[in-house]
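Student: Quick one: this structure, given as structure tokens, is what I'll be asking you about.
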Amino acid sequence: MTPFHRLENTFEVGWKSPSNLALVKYWGKYGRQYPKNASISFTLDHAHSMTNFIAKPKTGTDLIDLSFKFEGENKPAFENKIKKFFESILDITPFLQEYTFEIESKNSFPHSSGIASSASAMSALSLCIMSLEQEIREDKLSETDFLKKASFLSRLGSGSASRSVYPNLAMWGEHRAFSGSSNDYAIPYYDQLNPIFLNFHDDILIVSKSEKSVSSTAGHALMDDNVYSSQRYQQANDRLEVLIAAMKEGNLDDFGKIVEDEALTLHALMMCSQPSYILIEPNTLNLIKSIRDYRNQTGVPVYFSLDAGPNIHLLYPDEHKEHVKSFIQDDLEKYCLKIIEDQVGQGPSKLNSTI
Ligand code: DP6
């Protein structure tokens with residue numbers, strides 16, 4: 001067991017950590033937050049969480065003693081979730097019992113904008129925990145090991161969060177074709193990537209702000225009895241290899257085919273689960289149709305993806321941004337409540353000042 005020393009004074013740290021968009025989706029899990037197939041995602045830039053974390057020598061008697069504020073307000077439901085998370089990782093980070101925590105977080109994207117925040121929130125929190133660990137460890141972690149363990153803790157908070165700790169593109173899940181890949185944590189994966197993907201755009205077209213009608217955890221559980229599940233896990237792992245080859249070559253056709261089919265497969269799986277969920281809205285389909293028509297008519301390589309909700313991620317290379325801007329204004333805006341312009345980003349960073 002790693003030796004930790006006990007802090008006598010207050011420790012304070014803050015991290016900003018982004019959301020991510022899965023290109024090959026994680027949908028289905030087992031055991032202690034292990035994925036049924038490998039997945040890969042773009043790390044986003046503008047959509048992020050900022051978390052401020054203060055640890056003081058413990059004063060209370062609870063096993064975990066913490067208070068949590070979201071955007072300046074107490075949020076008992078989130079606070080409880082974080083307490084449970086801390087309790088669940090005490091075998092890995094036992095020092096969490098020794099401090100009283102004041103945690104405060106905010107998101108760059110509006111609350112209830114339909115953007116899933118678990119990836120950015122859990123990764124920002126895990127990075128803060130890792131900064132505390134680094135402070136009290138006798139043997140300091142290298143930067144690589146620091147991020148690996150931050151990804152490991154993030155995964156235990158929310159599977160997709162494991163991928164948010166790296167810049168550009170991150171992969172999570174053991175896969176025979178990718179050395180170093182693991183079910184325990186994500187790995188960065190952008191070394192031999194065609195540069196076109198390093199500043200790819202990902203505009204988020206918000207069509208509904210309503211809360212998800214199925215939680216991710218419940219959604220993953222539906223895969224256990226889905227008749228297509230084993231073929232699906234195989235398909236995802238096979239596709240990952242094809243996608244990476246396309247992203248190395250800069251083959252946008254193959255990239256787009258896989259990414260769009262992944263989004264539709266995710267929703268098809270939800271639709272044919274028991275019970276069945278339809279999370280897309282009429283305007284999701286209007287947008288998909290417009291994107292496909294525009295691409296066919298103009299040849300501009302613009303593609304869509306979806307999370308477990310109705311909002312569209314519009315993906316395109318930087319060199320086409322002016323064309324796509326007009327396309328959005330002329331043909332897409334009318335179906336959207338709001339548009340958040342985003343793109344592939346550089347991963348988390350430590351905050352210099354309190355949020
Ligand atoms: C559709 O990571 O939110 O976004 O591990 O239960 O917290 P939990 O699930 P979560 O699932 C994300 C599913 C997805 C696809 C993906 O990000 O790979």
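The values are calculated or read from the model by the stated rules, or taken from the named source; none is laboratory data. Model, not experiment: these values are computed from the prediction. Note that each Cβ is placed from the backbone with ideal geometry, even for glycine, and that neighbours are counted across all protein chains shown. Ligands, DNA and RNA are excluded from the accessible area calculation, which covers all protein heavy atoms including side chains. Shrake-Rupley method; radii C 1.70, N 1.55, O 1.52, S 1.80 Å.
Student: Quick check on my filter: what residues within the range 105-116 are buried (at least 21 other Cβ atoms within 10 Å of the Cβ) and away from the ligand (no atom under 16 Å from the Cβ)?
Tutor: Within the range 105-116, Ser105 is the sole residue that qualifies.
Student: Moving on to the next point. Just to be sure I understand the filter: pairs with C-beta atoms under 8 Å, separated by 6 or more residues or on different chains, first member in the range 17-45 and free of Cβ contacts under 8 Å to residues at least 12 places away in the same chain, second member more than 9 Å from the ligand (Cβ to nearest atom) and open to solvent by 10 Å² or more (accessible area, probe 1.4 Å). Which pairs pass?
Tutor: Tyr30/Lys36
Student: Sort out which residues of the range 89-104 are open to solvent by 60 Å² or more (accessible area, probe 1.4 Å) and in contact (Cβ under 8 Å) with a residue 12 or more places away in the chain, and write them in order of number.
Tutor: Going through the range 89-104, the residues open to solvent by 60 Å² or more (accessible area, probe 1.4 Å) turn out to be 91, 97-98, 102, 104.
Passing the criteria: Gln97, Glu98, Glu102, Glu104.
Student: In the range 320-351, what residues are over 20 Å from the mean Cα position of the chain (by Cα), touching a residue at least 40 places away in the same chain (Cβ under 8 Å) and farther than 22 Å from Ile115 by Cβ?
Tutor: Asp331
Student: Further question on the same structure: Only residues that are surrounded by 16 or more Cβ atoms within 10 Å (Cβ to Cβ) and part of a loop (DSSP other than H, G, I, E, B): list them for the range 1-39, please.
Tutor: Within the range 1-39, Leu7, Lys25, Tyr26, Trp27, Gly28, Gln33, Lys36, Asn37, Ala38 meet the criteria.
Student: When you check Ser49 against the structure, is it in contact with a Ser or Thr (Cβ under 9 Å, 6 or more places away or on another chain), within 16 Å of the ligand (Cβ to nearest atom) and in a helix (DSSP H, G or I), yes or no? Walk me through how you get there before you give the answer.
Tutor: On the way: in contact with a Ser or Thr (Cβ under 9 Å, 6 or more places away or on another chain): yes; within 16 Å of the ligand (Cβ to nearest atom): yes; in a helix (DSSP H, G or I): no.
No.
Student: For Ala119, state whether it is open to solvent by less than 60 Å² (accessible area, probe 1.4 Å), part of a helix (DSSP H, G or I), of a type in the set (Gly, Ala, Ser) and within 15 Å of the ligand (Cβ to nearest atom).
Tutor: Numbers: open to solvent by less than 60 Å² (accessible area, probe 1.4 Å): yes; part of a helix (DSSP H, G or I): yes; of a type in the set (Gly, Ala, Ser): yes; within 15 Å of the ligand (Cβ to nearest atom): yes.
Yes; evaluated as a whole, the condition is true for this residue.
Student: Working only within the range 170-191, note down all residues that are farther than 12 Å from Lys148 by Cα and of a type in the set (Ser, Thr, Tyr).
Tutor: Answer for the range 170-191, where residues must be farther than 12 Å from Lys148 by Cα and of a type in the set (Ser, Thr, Tyr): Ser179, Tyr189, Tyr190.
Student: If I go through the range 202-249 residue by residue, how many of them are among the polar types (S, T, N, Q), within 16 Å of the ligand (Cβ to nearest atom) and at pLDDT 95 or above?
Tutor: Summing the residues that are among the polar types (S, T, N, Q), within 16 Å of the ligand (Cβ to nearest atom) and at pLDDT 95 or above in the range 202-249 gives 4.
Student: Now a separate question. Of all residues being at pLDDT 75 or above and in contact with a Ser or Thr (Cβ under 7 Å, 6 or more places away or on another chain) in the range 107-117, which is farthest from Asn52 (Cα to Cα)? Just the residue, please.
Tutor: Here the residue is Ile115.
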